[in-house]
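Visitor: Got a structure here, written out as structure tokens. Questions coming.
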């Protein structure tokens, strides 16, 4: 498996999901309920999983060997790339807005609660589950006969 390609495809996927999917979901009227699980959020997760599945299929189309294993690795790589992108974006945003290294360093501990939130688990789910399923589906025809 080409790790560099996996990183680039997952970075592209992260960009598309965070911008294109979020823009599509913004067209859905906002819910007035106080719940964290809204129709917008459910639609976002479903569309993100579809985008992740398409990108996984695209990435795995050039992979030889065990595609399920490659799909799981791709899902984990994409999850880590998404977390690193969120971290760098947050830190760089504070630095660009304030111009202060001390304020930038002061927000680093705020990343811990982000990692511990249930939305990070959802992020792992919409990258890893479609990647594993697409890898399994693409691998089922290539198993050796016994």
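Visitor: Once both axes come from the Cα atoms, what is the angle between helix 118-139 and the longest principal axis of the chain, in degrees from 0 to 90, rounded to 10?
Guide: Tilt of helix 118-139: around 20 degrees.
Visitor: With a 10 Å radius around each residue's Cβ, average the other Cβ atoms per peptide and rank 97-107, 78-88, highest first.
Guide: Put in order of decreasing packing, that is 78-88, 97-107.
Visitor: With a 10 Å cut-off between alpha carbons and a GNM built on the chain, which of 36, 70, 49 moves the most?
Guide: 36
Visitor: With a ≥ b ≥ c the root eigenvalues of the C-alpha gyration tensor of the stretch 24-121, is it rounded (a/c under 1.5), prolate (a/b larger than b/c) or oblate?
Guide: Taking the square roots of the gyration eigenvalues as a ≥ b ≥ c, the stretch 24-121 is oblate.
Visitor: Right, something else. Rounded to the nearest Å, what's the spacing between the alpha carbon centres of the stretch 1-59 and the stretch 101-145? Just the number, please.
Guide: Centre-to-centre distance over Cα atoms comes out at 12 Å.
Visitor: For n ≥ 4 DSSP H runs only, could you compute -39500 (n - 2.57) per run for the chain, divide by its residues and tell me the 222 nm figure to the nearest 500?
Guide: Estimated from H runs of four or more residues: -23500 deg cm²/dmol.
Visitor: Helix 3-16 versus the longest principal axis of the chain: what is the Cα-based angle in degrees, 0 to 90, to the nearest 10?
Guide: 50 degrees
Visitor: Here's something else I'd like to know. Using a Gaussian network for the chain with springs between C-alpha atoms less than 10 Å apart, which of these wobbles most: 125, 93, 65?
Guide: 93
Visitor: How many nm is it between the label spots at residue 97 and residue 115, if each spot is 7 Å from the Cα in line with the beta carbon?
Guide: So the two model labels end up 2.2 nm from each other.
Visitor: Could I ask something else about it? Could you work out how far helix 39-60 tilts from the main Cα principal axis of the chain, as a 0 to 90 degree angle to the nearest 10?
Guide: That works out to roughly 50 degrees.
Visitor: Label residue 15 and residue 3 with points 7 Å out from Cα along Cα→Cβ: what is the distance between them in nm?
Guide: 2.3 nm
Visitor: Please list, by residue number, everything in the stretch 89-128 whose backbone N is under 12 Å from a paramagnetic label point 7 Å out along Cα→Cβ of residue 22.
Guide: Answer for this model: 89-90.
Since every read-out is calculated from the coordinates, none of them should be taken as a lab result. None of these values were measured; they are calculated from a predicted model. Because the Cβ atoms are built from the backbone with ideal geometry, glycine has one as well, and the counts that use them run over all protein chains shown.
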